[in-house]
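The values are calculated or read from the model by the stated rules, or taken from the named source; none is laboratory data. Keep in mind that this is a model prediction, so the values were computed, not measured. Methodologically, a virtual Cβ is constructed for each residue, glycine included, from the backbone with ideal geometry; neighbour enumeration extends over all protein chains shown.
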Amino acid sequence: MDCFHLAWRNLWRNRRRTIITLAAIAFSIMLVQVQHNLAYGVYGEMIDSGVRAGSGHLAIYRQGYRESRDETLLFKDRDLVARIMSLPGVEQVLPRLYIPALAQSSRESRGIVLFGVDPPREKTINPFLKPLPDAEMIRASDSRDAIVGVRLLDELQIQPGQKFVVTAQNRDGTLHSELLRVRGVIRSSIKDIDSSLIMVGRQRAAILSGDTGSIHELAIILTDAETGPMVQKKVETLILPNAVTEVVSWEQAMPNLANAIKLDYASGNVLFLIILLIVTIGVVNTLLMSVMERMREFGLILALGSKPMTLRRMIMLEALLLGLLAAIIGTVLGCLATWYLVSVGIDLQELVPETLEFGGVVFDPIIRASWNPGRMLGIAFFITSLTLLAALYPAIKAGRITPVEGMRHR
C-alpha cells in the first residue's frame, strides 16, 4: 500500500506534465472507443439494410448458382419455407426468382432483371418497398402488376399505370412474353437497381421461366444477426445431405458488402495505430523525464540499501496508476460521446444527398453509433497495457542507476 501511495505522490510531482499526458491518453481512449462504436453502428445499419434488400442473413441456393448466376439453376422450395419459419430466431423467409429479360414499351426497350417475389412477405422486409403505399404494391403473386425502377421508367418512356411487355427465355428454349402494368416505382438511389429492376409476383415470373414452384433464392431474415451460425446449422439439418442446395451466410452471398466493410474497418485501424504511437511517446516522455529528474533521489535510495528492482517496481506502478486513471476518464468520456451519437447521431443531410450508398447498400445520412461495452472495455484495457509496456524502458533505466552515479547527478 505504501508503494502505491509513494507512486501516486511521485506521479504528481510535476503536475502540468502529468495532466497533459493523462489528458492525451484519456482523449485517445475516448476517440478510439467513439470511432469504434460509430463504425459498429454504421456497419450494423448497412448489414441490416443490405440483407433485407439483398440475400438475407442466410440464403439457400442451388449449388453453382451463386458463382454462375445461371437462371436454369432453380430448386423446389416445397414446404421448406414453413419449416424454416418455425425455427426460433427467424423473422421472415423470402422466396425469390431472378430472370434476365427484355422490357419493351412502344418507344424503347431495355435489358432488365425480373425480380419475382412473394408480395406480402417482401413488403414487411424489403426497405425499397416499405416507402410504397398499399395502392402501389403488387396485389397478388399471379397479377400483372409490376414495380419498376425510376430510371428504367424514364428510359422506357412510360408512366405509372401504363403497360409494357417483358420477354424472357422459357425453360424449353422458346421466348415467352408477358404484358405487365406499372403499379409502383422504386427509388433506391442505386443506379444499377433503378435502371434495371422490375419486380413482379413470383407466380407471374414463374410463367415466364416456365418452371412454376421453383426459385433461385430463399433469403432468411433473422431477428438477431448474432444467431446466424446457430440458425445456419439448424437450416442445414433441414436439407438432405445429398441435396443439390447449399446454405450460405450473408458474407458469402454478398461479398461486395462484406469486402467494403472490411476495407473501411482496416482504414479505421490506421487511426488506431496513430493514436497508439501518440500514447506510447507521451508515456515514455513523462516517465523518462520523471526518472531523469529523480536521479539523485534514486541514488540516495540505493545507497540506503534498496534494490534496483524496487525502483523498477515504483516506475511501473506510476505507469499503472497513470493508465488506470486515464482509462476511467477516457471511458466515461467515451460513454458520454457514444450516448450522444446513439441518441442524436451525426446529420450529413446538408453535405450529401438524401441517401448514402456504400458497398451497394443505401443507408440513412443521419449516422448513429451503437453500444459495444465489451469492445470499449477491451480498448481501455489494451491502452492501459500499452502504458505499462511503454514504461519498461524508463523502469529499466532507473534500475541501472548506481548509487555513486545518482548522488553525483544534479
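If the condition is being closer than 25 Å to F164 by Cβ, of a type in the set (G, A, S) and under 31 Å from the mean Cα position of the chain (by Cα), then the range 80-139 contributes only G116. Residues in the range 196-218 that are more than 18 Å from P131 (Cα to Cα) and touching a Gly at 6+ places or on another chain (Cβ under 6 Å): R202, A205.
When each of L38, L31, L11 is tested for being surrounded by 14 or more Cβ atoms within 10 Å (Cβ to Cβ), within 28 Å of P127 (Cα to Cα) and assigned by TED's automatic domain parsing to the domain that holds G323, the lone residue that passes is L38.
Go through (1) among the hydroxyl-bearing types (S, T, Y); (2) in contact with a Ser or Thr (Cβ under 6 Å, 6 or more places away or on another chain); (3) under 29 Å from D70 (Cβ atoms) one by one and return the number of the condition S196 breaks. It is condition (2) that S196 fails. The condition of being in a strand (DSSP E or B) and touching a Lys or Arg at 6+ places or on another chain (Cβ under 9 Å) holds for only one of L152, L132, L87, L179, that being L179.
Yes/no matrix, rows are residues, columns are (1) outside the structural domain of M30 (by TED's automatic domain parsing); (2) in a helix (DSSP H, G or I); (3) modelled with pLDDT of 75 or more; (4) not charged (D, E, K, R):
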site	(1), (2), (3), (4)
A266	no, yes, yes, yes
I281	no, yes, yes, yes
L287	no, yes, no, yes
V291	no, yes, no, yes
E297	no, yes, no, no
L300	no, yes, no, yes
T310	no, yes, no, yes
L351	no, no, no, yes
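The residue pairs whose first member lies in the range 97-108 and is part of a loop (DSSP other than H, G, I, E, B), whose second member is surrounded by fewer than 16 Cβ atoms within 10 Å (Cβ to Cβ), and whose beta carbons are closer than 7 Å, counting only pairs six or more residues apart or on different chains, are S105/Q157; R107/Q157; E108/Q157. The condition of being over 23 Å from T72 (Cα atoms) and polar (S, T, N, Q) holds for only one of Q162, Q169, that being Q162.
Across the range 394-406, which residue is modelled with the lowest pLDDT among those that are surrounded by 15 or more Cβ atoms within 10 Å (Cβ to Cβ) and either in a helix (DSSP H, G or I) or within 40 Å of the chain's Cα centre (by Cα) (or both)? My answer is G406.
The residues of the range 368-378 that are modelled with pLDDT under 85 and of a type in the set (A, V, I, L, M, F, W, C) amount to a single one, A369. What do you reckon, is I193 among the β-branched types (V, I, T), without any contact (Cβ under 8 Å) to a residue 24 or more places away in the chain and part of a helix (DSSP H, G or I)? Criteria not met by I193. In the range 53-96, the qualifying residues are those that are of a type in the set (S, T, Y) and in contact (Cβ under 8 Å) with a residue 24 or more places away in the chain, and the one that is farthest from V244 (Cα to Cα) is S55. Pairing residues of the range 324-345 that are under 30 Å from W8 (Cβ atoms) with residues that are not in a helix (DSSP H, G or I), at Cβ distances under 6 Å and at least 6 apart in sequence or on separate chains, gives T338/A369.
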